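**Q** Questions regarding the structure given below will be posed in turn.
The values are calculated or read from the model by the stated rules, or taken from the named source; none is laboratory data. Given the structure is predicted, the values throughout are model-derived calculations rather than measurements. Virtual Cβ from ideal backbone geometry, glycine too; neighbours counted across all protein chains shown. The accessibility values were calculated without ligands, DNA or RNA, using every heavy atom of the protein model including side chains. Shrake-Rupley method; radii C 1.70, N 1.55, O 1.52, S 1.80 Å.
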Amino acid sequence: MPWFPVKKVRKQMKLLLLLLLLTCAAWLTYVHLSLARQGRAPRQRLGSGRDGEKLTGVTEGRGVRAVPSTQKAEDSSESREEEQVPGDANMLPGGPGRPPPPNLTHHTPPWREEYKGQVNLHVFEDWCGGAVGHLRRNLHFPLFPHTRTTVKKLAVSPKWKNYGLRIFGFIHPARDGDVQFSVASDDNSEFWLSLDESPAAAQLVAFVGKTGSEWTAPGEFTKFSSQVSRPRRLMASRRYYFELLHKQDDRGSDHVEVGWRAFLPGLKFEVIGSAHISLYTDESSLKMDHVAHVPQSPASHVGGYLPQEEPSADMLRPDPRDTFFLTPRMEPSSLEDVLEPCAYAPTYVLKDFPIARYQGLQFVYLSFVYPNDYTRLTHMETDNKCFYRESPLYLERFGFYKYMKMDKEEGEDDEEDEVQRRAFLFLNPDDFLADEEEGELLDSLEPTEASLPQMGRKPPALAGHTEPAATPTLPTPPGPLDEQTPRRSRALSWAAGAARPLPLFLGRAPRPPSKVYVTRVRPGQRVSPRAPRSPPWPPFPGVFLHPRPLPRVQLRAPPRPPRPQGRRTSSPQATEPRPPARAQATQGGREGQARATGLAAPRADVNSSLEAQPVTSFLTLSQVSRPQLPGEGEEEEEEEDGEEGAPGDEAASEDSEEEAAGPALGRWREDAIDWQRTFSVGAVDFELLRSDWNDLRCNVSGNLQLPETEAVDVVAQYMERLNARHAGRFALLRIVNVEKRRDSARGSRFLLELELQERGGGRRRLSEYVFLPLPGARVGDADGESPDPPPAASARPDGRPELCRPLRLAWRQDVMVHFIVPVKNQARWVVQFLADMAALHARTGDSHFSVILVDFESEDMDVEQALRVARLPRYQYLRRSGNFERSAGLQAGVDAVEDPSSIVFLCDLHIHFPANILDGIRKHCVEGTLAFAPVVMRLGCGSSPHNPHGYWEVNGFGLFGIYKSDFDRVGGMNTEEFRDQWGGEDWELLDRVLQAGLEVERLRLRNFFHHFHSKRGMWGTRSRKGSPAERS
C-alpha cells in the first residue's frame, strides 16, 4: 500500500491553498482574455470620468447593451441611451418580433500600407430627416451611395443639406492604453468601434441624439452624456474598424467630427487626424454596381422592415385584391353562354375627334370601385383637405360647423335655426334687394367713428311696431334719455313688412377691400312696443339681424394696455336670468372694455328686461374670426374695485383715450364654454360630390367609390344567370372587386371579380367584364355604323335591364407583358429594379413577362451583365449611343417586341411594384379597345413604401400599358419632336391614343409607388467643379 505523507500535507496546508488560488486566478485571466478577443468580455461597472462626468457604456455584440438585472437605477438612463439605434427595430428584416440575422462582414479585404492617411466616405444625397434612423430608411443604404470618395480626417463639413454620410475605415492608436472617444455633429450621428478589425464586431460607443432634433456646435464634445464613450483599451500594434454615421437635414451648420483622448484627468478631446486612420479598401477603380467589398456591420447592413403594428396609411392594410391573382381563374369559355352578347361602343370614346395638343387629359374618365380600396390618402389630409371641396380659407375660419346642427335648449324657438343658416351664408330667396334699393342702401351705409362730435338724437320709431329694431345713433353725454334708451353705434334696421326681397350686400359695399361690416349682438333694453319708430333708410336684413338672441361674432384683438384705476368707473347692473345650461352674463362696469374701437356700450335699466340688439361695427379683416354659434353665451367680468360711475363717463373717457392714442387695442369679453352643448348630424357621403372626370386639382383623393347597393345588385343578377347556366354549381364567397365605368347615354360596364366556391371542387376566381345598358338606349358598334335597334323589353320581373356580355371586351390571363425602361448612369436604381422584378417572378410564379432595358452607354455599371445574373424569366438588352432620350428609348424597346398581340408597358426605373401589377395590367388592357394608365403615388423626401408620404401623380401618364398592335396603330412615340427634351411626350401619346378610339382606364393602384430620388448626377451630368465624381 502506497504511503501518503499526511503529516507533511498538514504542515504545508497554507502553501497548498495559496498555490490553488494562484492557479484559479491564472485560469480566470486566460478565460477573460479569450473572451475579450471574441468580443464577449464580461461587463464591468466603470466609475466616473474626468470632472465627475458619468461615462457611457460600451455595447455588446450587435450593439445592444446587456444590462444585468442587479444594475442600479441610476445607471438605467445610460443603458437606454446606448441601446441599438432607435426605430431600427422595425426596419430589420424578418418575421414578427424576431429579425433574421444580418449578413455581416467577418473577413476584411487585404490591407496595404498605402491606405494610411484617409478613410472611405459614402454620401447619400437628397434624403430628408435629421436622425440616423432616417438614413437607414433609404432604399439604397448602405450598398449604393450617390458618391464614393475619401476624406483625410474625421471632421467633415460639406456645407450642404438633406444628406447622409457613412465614413468607415481603420483607427491606428498611437500608444497602448485606455482611450475615450467623443462625437459632435449637427444633426444626429453615431460612432461605432470594433474590438478588432472585423466590421461584424462593431459596437455603438457614442452618439448625438436619436430623434433628429439634437445637435451640437462644432467641437462641443460634452453637450450630451451619450457623446462620450467609456474608456476602451487599445493597442498600438493593432488596427480597429470604425464606422461614423451622420444625418443632416435642411437646417443648421452641417458638421460631424470625432475626437479622442487618453483616459487621464485634464486632457481635452482632439480630432482624429490622418496619422491615425486608414482606408478599409480602395474603391477608385470599382464601378457603382460592385458592392461585394462594402462592409456590412451592426451599424449598416442590408435588411428589410419589420411589419409595423399599425400602418401609417390605410392602403398598407391587407386587402383581398392584393393576392386574389393567386386564386385559380375560371375558364372564360365556360362563361361565354352565361350572358347574351351585346355591342359595346361608349359615347365618350373620341374616335377621329380633333382635340388640341395636351387636351386629352380633359377626356379621361375615372372608374368607380367597390369595396373601398382605401387609396384615399387620409394620412396626408392634415395639410391637404382638397377632398372636401371647401375653400382652404373657409375651412380655416369656419371649419366644418355648417354640417352640424346645434341642439336646441329648453326655452329656445325655431328662429335659431334661421340664425345658424344665415351665419353660414345659406340665404333665403326673400333676402334679395332690387338694384335701385341696393344702391340707395349702400350710399347710406357708413362706418361708426368713435371720434365724431357728440350730439343728441332721439331715435324715431314706427307706431304700432312691436318688433325691436336698432337705429343709428351717435354717442351722447349721459342724461335722462339714457335711462330709457341705451346708446348704440350705427346699426342696420329691418322692417318686417318689406315690399321687395332684400339681399346680402357685404361683398359689394363701396369700401376698401381690407375692411368688412360685421353685425354683432349686444344685450340691451326691450323698447316699449308703443314707442313710435321709423327707419331712416330703406329696410335691409343683415346676415345676423334678428329680433331674437343671435350669435355673436367672436372678435379677437390684442388686449389694451392697462389704464390707471382712477380713470375706470363701474356701476352695478342687474342681469337677466338665463337657462341653467347657458353661461351667466353679467352687465358690469367692464362692459365698455369689451367692445370694438368706437363702439359705445349699451346700458340697461335695472328693472328692464334684456334683449339682444344688433350692432354693426367697422373692423379690419384681421380682427374678424369665425362667428360664434347659436347657444354660445358670453361671460362678462365683474369689477372688483367697486367704484361707481355713469357708463357714459366711462365711454367718454375711453373715447378720449382712443382719440389721443390713435387706434388703440381693443378689449373683448371672454367667451364662456358650454361643455353641455350637443348637436345633431347626419351621415355625410362626400363621395357623392365627386364626378368621374379626371380630377387634376386634388392629388390625395382615392378611387371613386361605387355604392354598395349598385354593386350588390349587379353581382346578384350575374350569379343568378351563372347558376341558371351551371345548375347551381357555384356559391358566392365574397365580392373581391367591382369596377364600373359609367356612360350616361348608353349604360355602364362593370369588371366583376368574385370569389366562388365550386361544388365538389375548390375556390375559383371569376374576373369578367359585363355591360348594363340603360333602358331604351341605342348602342352602336365600334366602327361608327348605324346603331342597333332598341333592345327588347326586359325579361326581368322588376322591369330593370338585363346584363349582357360586351363584345370585344375580354382580357387574356396569359398574355406576355414587356416592361420597357430606358436607362443611363443609374446603377443603384437598375440593380434595385432588377431585384424587384426577380422578387416579382419568385412571388407570383408568373413567367409571362420580360424586361427590356435600353442602355444609353452607361458608364457606372455593366447593365448587360446585371441582366444576365438577374433571375428573370426573359430579358432583352439594347444599347444606344448618344444622349439620353426617353421617347427614343421607349420606341426602340417597343420595336424589339416581335409579337403584336402582347402588351408593352412603358415604365420608369424608380418604381415600387405591388405583387398584383401583372394581373392589373392584363385586366385593363384589351386589344383594340382598352389601354391602361395607372396612377402612381409619388413618395416625398425621406418617405418609403413602408411609411408612404406623398401624393398621387394625377397629371402623369408616363406609366402606360397598351397592346403593341394598338401602339403601332397610333404611331408610337413622337421621337422627332421630343428628341432633346423630356416631359410632355406622355401627354402627346395620350392625345393620339384617344383619337384612335381607345379607352384609357385610369385607376389608382394600391402599393404602387414612385420612389423619391435625387436628380443630381442623372443622365451623366457633372457638378460645377467639373470633377468626374462617381455618381449614379
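**Q** Residue pairs, Cβ under 7 Å, 6 or more apart or interchain, first in the stretch 120-131 and under 11 Å from Asp187 (Cβ atoms), second open to solvent by less than 10 Å² (accessible area, probe 1.4 Å) and in a strand (DSSP E or B). List them.
**A** Close Cβ pairs satisfying both conditions: Gly129/Lys247; Gly130/Lys247; Gly130/Gln248; Ala131/Lys247.
**Q** Pairs, please: C-beta under 6 Å, at least 6 apart or cross-chain, first residue touching a residue at least 60 places away in the same chain (Cβ under 8 Å) and in the stretch 218-231, second among the small types (Gly, Ala, Ser) and part of a loop (DSSP other than H, G, I, E, B)?
**A** Cβ pairs passing all conditions: Arg230/Gly57.
**Q** Still on this model: In the stretch 142-171, how many are over 23 Å from Gln826 (Cβ atoms), of a type in the set (A, V, I, L, M) and outside any strand (DSSP E or B)?
**A** Qualifying residue count for the region: 1.
**Q** Go through (1) over 30 Å from Arg741 (Cα atoms); (2) assigned to a loop (DSSP other than H, G, I, E, B); (3) at pLDDT below 95 one by one and return the number of the condition Ala866 breaks.
**A** (2)
**Q** For Ala236, state whether it is open to solvent by 10 Å² or more (accessible area, probe 1.4 Å) and closer than 24 Å to Tyr115 by Cβ.
**A** yes
**Q** For the stretch 354-403, what are the residues that are farther than 22 Å from Arg749 by Cα, more than 24 Å from the chain's Cα centre (by Cα) and in a loop (DSSP other than H, G, I, E, B)?
**A** Pro354, Ile355, Ala356, Arg357, Tyr358
**Q** Give the residue, chosen from Asp968, Asp980, Asp986, that is at pLDDT 90 or above and open to solvent by 40 Å² or more (accessible area, probe 1.4 Å).
**A** Exactly one of Asp968, Asp980, Asp986 is at pLDDT 90 or above and open to solvent by 40 Å² or more (accessible area, probe 1.4 Å), namely Asp968.
**Q** Which count do you get for residues in the stretch 699-714 that are of a type outside the set (S, T, N, Q) and surrounded by fewer than 19 Cβ atoms within 10 Å (Cβ to Cβ)?
**A** Matching residues across the stretch 699-714 total 5.
**Q** Would you check if there is a residue in the stretch 203-210 being out of contact with any Ser or Thr (no Cβ under 7 Å at 6 or more places or on another chain) and closer than 25 Å to Leu143 by Cβ?
**A** Yes; the residues of the stretch 203-210 include at least one that is out of contact with any Ser or Thr (no Cβ under 7 Å at 6 or more places or on another chain) and closer than 25 Å to Leu143 by Cβ.
**Q** If you take the residues in the stretch 323-333 that are of a type outside the set (A, V, I, L, M) and surrounded by 13 or more Cβ atoms within 10 Å (Cβ to Cβ), which one is nearest to the chain's Cα centre (by Cα)?
**A** Thr323
**Q** When you scan the stretch 720-775, how many residues do you find that are closer than 16 Å to Ala810 by Cα and either open to solvent by 20 Å² or more (accessible area, probe 1.4 Å) or charged (D, E, K, R) (or both)?
**A** Residues meeting the conditions: 8.
**Q** Sticking with this structure for a sec: Which of the residues belonging to the stretch 943-965 are small (Gly, Ala, Ser) and either over 14 Å from the mean Cα position of the chain (by Cα) or open to solvent by 20 Å² or more (accessible area, probe 1.4 Å) (or both)?
**A** If the condition is that a residue be small (Gly, Ala, Ser) and either over 14 Å from the mean Cα position of the chain (by Cα) or open to solvent by 20 Å² or more (accessible area, probe 1.4 Å) (or both), then Gly956, Gly958, Gly961, Ser965 are the ones that fit.
**Q** Answer yes if at least one residue in the stretch 250-268 is touching a helix residue (DSSP H, G or I) at 6+ places or on another chain (Cβ under 8 Å) and crowded, with 19+ Cβ neighbours inside 10 Å, and no otherwise.
**A** No, the stretch 250-268 has no match at all.
**Q** Does Ser297 satisfy being buried (at least 18 other Cβ atoms within 10 Å of the Cβ) and under 36 Å from the mean Cα position of the chain (by Cα)?
**A** Considered against the rule, which asks whether it is buried (at least 18 other Cβ atoms within 10 Å of the Cβ) and under 36 Å from the mean Cα position of the chain (by Cα), Ser297 comes out as yes.
**Q** Being in contact with a Ser or Thr (Cβ under 7 Å, 6 or more places away or on another chain) and farther than 21 Å from Arg697 by Cα: is that true of Arg329 here?
**A** Answer is yes for this residue.
**Q** Determine if the stretch 781-789 includes at least one residue that is modelled with pLDDT under 60 and hydrophobic (A, V, I, L, M, F, W, C).
**A** yes
**Q** Name the residues in the stretch 363-402 that are open to solvent by 50 Å² or more (accessible area, probe 1.4 Å) and closer than 17 Å to Asn1007 by Cβ, would you?
**A** Of everything in the stretch 363-402, those that are open to solvent by 50 Å² or more (accessible area, probe 1.4 Å) and closer than 17 Å to Asn1007 by Cβ turn out to be Asn372, Tyr374, Arg376, Thr378.
**Q** Out of all the residues in the stretch 832-876, which are of a type in the set (S, T, N, Q) and free of Cβ contacts under 8 Å to residues at least 60 places away in the same chain?
**A** Hits for the stretch 832-876 are Ser847, Ser850, Ser858, Gln865, Gln876.
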